[in-house]
Structures are given as structure tokens and as C-alpha cells.
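Read-outs throughout are calculated quantities, based only on the coordinates presented, and are distinct from any laboratory measurement. Not measured: the values here are computed from a predicted model. Glycine also receives a Cβ, built like all others from the backbone with ideal geometry; neighbour counts cover every protein chain displayed.
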Amino acid sequence: SRATAAGLSRKGNGIMEWKLSKSRPICPQLCELLSARIALGSFAAGEQLPSVRALAVEAGVNPGTVQKAFEQLGRDGIIYAVVGSGWYVGDNRDAAEAAVERSRADKTRQYFSDMENLGMSEAETKEYTERWNTDGRTAQV
């Protein structure tokens, strides 16, 4: 599903499952995942987000990291804080969609750069990617 592709999904009890990589800083990953959820419509404009503490427990991360992610998303115009109440999804879904597109573009640029460093041309990288076997996580050679 698109939500799973965004790195998290909802269990039957409403709790999100987080897929965070230990090889990358956590805060930007949280921003990416929350932006994707908002862009995909999983959180509606005006909807209250889980508390910093609840989200930290769900994701298995430090509450300070979640707070930093919320603050960044607030600066980006994706969410906003209501003093004494919590964080809410803003009505500017375009900001979330733009953040997701920036992440996709950055990751794609990095991927092509990494593959070039491994001796593959852009055309070879595209061909390799098309042959990618998602079940086995290996390209058919």
C-alpha cells in the first residue's frame, strides 16, 4: 500500500509501525514519514497528531527527536502547535507533498550517484533498476 511504501503502516489498534534505518539520522526520517502520511491523506487537515511521548514510544525513539521533527515540520508549514493542546496537521497539504517530492528527488540523486561510483552509467542504472526483483531484493542478472 502507499502507506507502507511511506515507511509506516497502521496496525489494527491504530498504532503506527515505523520502519526507521539505523544508518541514517532519525529526525529527518521522522519528518519524511510524517510528511508522506500527511501528503497521502492519512492525517487530515486539523487532525491532532499523536503526542510527542506517544509517538516516541511507538517509533522507539527519544522524545527529544520527535519534538525536533515536529518543530521542523512546523517550520515547513506542514503542522502547527496549539499551546497546551499539541500538534495538528496544517491545511497546506501542498507543503507536505513538496517535502515528499524533495525527499524523493534527493534519494534518487543519491542513488544514481552511488551507482555511478560503482561504475554504472545512468542508462545501466535505469536498466538495473527495471530488472530489480522486489521479492528477492536482487537484480536478475
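Whether a residue is surrounded by 11 or more Cβ atoms within 10 Å (Cβ to Cβ) and at positive phi was assessed, and Gly60 does not pass this test. Glu124 - would you say it is farther than 23 Å from Lys19 by Cβ, exposed (fewer than 15 other Cβ atoms within 10 Å of the Cβ) and in contact with an Asp or Glu (Cβ under 8 Å, 6 or more places away or on another chain)? When the stated conditions are applied, Glu124 does not pass them. Does region 69-97 hold any residues that are assigned to a helix (DSSP H, G or I) and either out of contact with any strand residue (DSSP E or B) (no Cβ under 6 Å at 6 or more places or on another chain) or surrounded by fewer than 16 Cβ atoms within 10 Å (Cβ to Cβ) (or both), and which are they? The answer is Ala69, Glu71, Gln72, Gly74, Arg75, Arg93, Asp94, Ala95, Ala96, Glu97.
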